[in-house]
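The structure appears right after this line, and notes come after that.
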Amino acid sequence: MEIVSGKKQRGRITVMYGPHGVGKTTFAVQYPEALVLDVEDGCADLDVDRTPVLKTYDELIDALKWVYADGAKRYKTIILDSIDHAELLMHRKICQDASVESLADIEWGKGKSRALKKFGDLLHMLSLIRDEHGVDIVVIAHDAIERVEDPETASYDRHVPKTIIRDASSLLCEWADEVLYAHHNVRVKTEKGAFGRETNKALSRSERMLRTTYKPSVIAKNRLEMEEVIPFSYEEYDKYRSKVYA
């Protein structure tokens, strides 16, 4: 058996998620020589190479096959925008093939398992593109808040990448090298009203931040030795990313 030692140079897989309008796609297209697999039709105003809007799952798969065979030779970064819209196309394809209206209509409860398998297959195709061509993969997702029932403490809410099936979000996060949460830094002021009643008032949402490490309220991770929170700026992020390619 051949033993390999030292760091392995390869492209990185990054999941970038956050609320609508925070600038996820604008951030992602600053990666070098980027191509957007345009599922959401959210980059029309950006100066970036992109596919036509992919409106069906078959169109998405055809685009991935083209990227694997030829397209990735021309680019250094492949961006999927966005994963939750791609997941919706998967579900429509499964329902179409099964001649049903929804996954719940598939017999024996197999709709969810079929959807998760297709989701895993999509991630595998993206991994093959990264491994074959050495490109970076950036997957954009929206923000969702899920309830966590923890037997050791009180229940709490946390931010996670949005997927239609909850287990798909966990699969996505396990697969990625980095999971980064972009958000507005909301400043809150507590005001006292009548009868000592307190209310919280948001003062500002202008400052945008990027959370890079896990905390109970946010799913995030990185393997780049990043600070826990950095400004939401590609230049700031690239200080860490570029060390991998030094």
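The values are calculated or read from the model by the stated rules, or taken from the named source; none is laboratory data. Small disclaimer: the values here were computed from a predicted structure and weren't measured. Ideal geometry is used to build each Cβ from the backbone, glycine not excepted, and the neighbour counts take in all protein chains shown. Remember, those area values only see protein heavy atoms, side chains included, never the ligands or the DNA or RNA. Shrake-Rupley method; radii C 1.70, N 1.55, O 1.52, S 1.80 Å.
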Of all residues in segment 37-63, count the ones that are among the polar types (S, T, N, Q) and closer than 20 Å to His142 by Cα. 1
When both residues are 6+ apart or on different chains and their Cβ atoms are under 8 Å apart, which pairs have a first residue that lies in segment 223-237 and is at positive phi, and a second that is surrounded by 16 or more Cβ atoms within 10 Å (Cβ to Cβ) and part of a helix (DSSP H, G or I)? Glu225/Tyr240
Is at least one residue of segment 121-135 open to solvent by less than 50 Å² (accessible area, probe 1.4 Å), touching a helix residue (DSSP H, G or I) at 6+ places or on another chain (Cβ under 7 Å) and β-branched (Val, Ile, Thr)? yes
Residues located in segment 1-30, provided they are part of a loop (DSSP other than H, G, I, E, B), of a type outside the set (Gly, Ala, Ser) and open to solvent by less than 10 Å² (accessible area, probe 1.4 Å): Val22
Determine if segment 102-117 includes at least one residue that is crowded, with 20+ Cβ neighbours inside 10 Å, touching a residue at least 40 places away in the same chain (Cβ under 8 Å) and either over 27 Å from Pro19 (Cα atoms) or in contact with a helix residue (DSSP H, G or I) (Cβ under 7 Å, 6 or more places away or on another chain) (or both). yes
Could you go through segment 47-54 and let me know if any residue there is within 21 Å of the chain's Cα centre (by Cα), surrounded by 13 or more Cβ atoms within 10 Å (Cβ to Cβ), over 22 Å from Glu178 (Cα atoms) and basic (Lys, Arg). yes
Which listed residue is open to solvent by 30 Å² or more (accessible area, probe 1.4 Å) and more than 19 Å from the chain's Cα centre (by Cα), from Asp58, Asp41: Asp58
Can you pull out every residue in segment 76-100 that is within 20 Å of Thr14 (Cβ to Cβ) and surrounded by fewer than 19 Cβ atoms within 10 Å (Cβ to Cβ)? Lys76
Sort out for me the strands (runs of 3 or more DSSP E) sitting completely within segment 161-246 that have 1 or more residues that are β-branched (Val, Ile, Thr) and either open to solvent by less than 30 Å² (accessible area, probe 1.4 Å) or at pLDDT below 90 (or both). 178-184, 187-192, 198-204, 229-231
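If you take the residues of segment 89-117 that are among the hydrophobic types (A, V, I, L, M, F, W, C) and not in a helix (DSSP H, G or I), which of them is modelled with the lowest pLDDT?
Looking at residues that are among the hydrophobic types (A, V, I, L, M, F, W, C) and not in a helix (DSSP H, G or I), I get Ile106.
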